[in-house]
1. Being open to solvent by 100 Å² or more (accessible area, probe 1.4 Å) and either charged (D, E, K, R) or in a helix (DSSP H, G or I) (or both) is the filter here, so list the residues in the range 10-32 that pass it.
2. In the range 33-105, which helices (runs of 4 or more DSSP H) lie fully inside it and hold 1 or more residues that are of a type in the set (D, E)?
3. I'm trying to understand the selection: among the residues of the range 107-132, which are of a type in the set (S, T, Y) and open to solvent by 50 Å² or more (accessible area, probe 1.4 Å)?
Amino acid sequence: MDAAMVDQISLNFSKSGLLGLNAVIGLMMYGMALDMKLEDFKRVVRSPKGPAIGLGAQFVLLPAFTFLLTLVLPVTPSMALGMMMVAACPGGNLSNLMTYLAGGNAALSVSMTAVSTAAAVVMTPLNLSIWGSLNPATEAILRKVSLDPMDVFQTIVLILGIPLVLGIGT
């Protein structure tokens with residue numbers, strides 16, 4: 001497929017389709033939360049060094065390295081901006097599930113996901129704005145991108161907050 005043809009692709013999700021997808025992700029989160037205890041999260045709060053390093057890497061290093069990568073690779077401006085958008089977004093529930101299945105610190109993963117998702121309301125548009133405006137080829141496309149903070153908040157509550165509270169409370 002020609003790189004320019006990628007710009008012609010449009011993904012249109014219906015509201016009911018997105019709601020169903022979010023419900024399935026929330027169900028996965030609930031399943032993991034059944035195995036967690038409030039004490040797991042208290043340990044994360046008492047030792048915040050790991051999460052701080054992870055959040056710094058997520059919102060500073062990853063977008064910066066991705067920006068540099070878009071300058072080196074032969075990608076179209078829309079692909080470059082898409083790469084920067086993905087790099088500016090926080091980790092999701094799949095990383096929590098993989099951490100859980102691998103026997104890692106799921107409470108740490110969930111805590112980092114929660115904090116980075118909440119911070120993403122500000123940090124994702126900020127990172128996209130900063131890194132996207134540094135490349136003249138992506139700057140024009142940048143004006144067409146928007147992110148509704150209320151939609152992000154509702155998604156956080158639906159796929160992370162409610163399942164976590166219900167799972168830990170069970």
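1. Initially, the range 10-32 is screened for residues open to solvent by 100 Å² or more (accessible area, probe 1.4 Å), giving 11-13, 15, 19, 27.
The answer is K15, L19, L27.
2. Numbers: elements: 38-46, 49-56, 62-72, 77-88, 93-101.
Correct list: 38-46.
3. Going through the range 107-132, the residues of a type in the set (S, T, Y) turn out to be 109, 111, 113, 116-117, 124, 129.
Hit for the range 107-132 is S129, nothing else.
The values are calculated or read from the model by the stated rules, or taken from the named source; none is laboratory data. No experiment lies behind these values; they were computed from the predicted model shown. Only protein heavy atoms, including side chains, enter the accessible area calculation; ligands, DNA and RNA are left aside. Shrake-Rupley method; radii C 1.70, N 1.55, O 1.52, S 1.80 Å.
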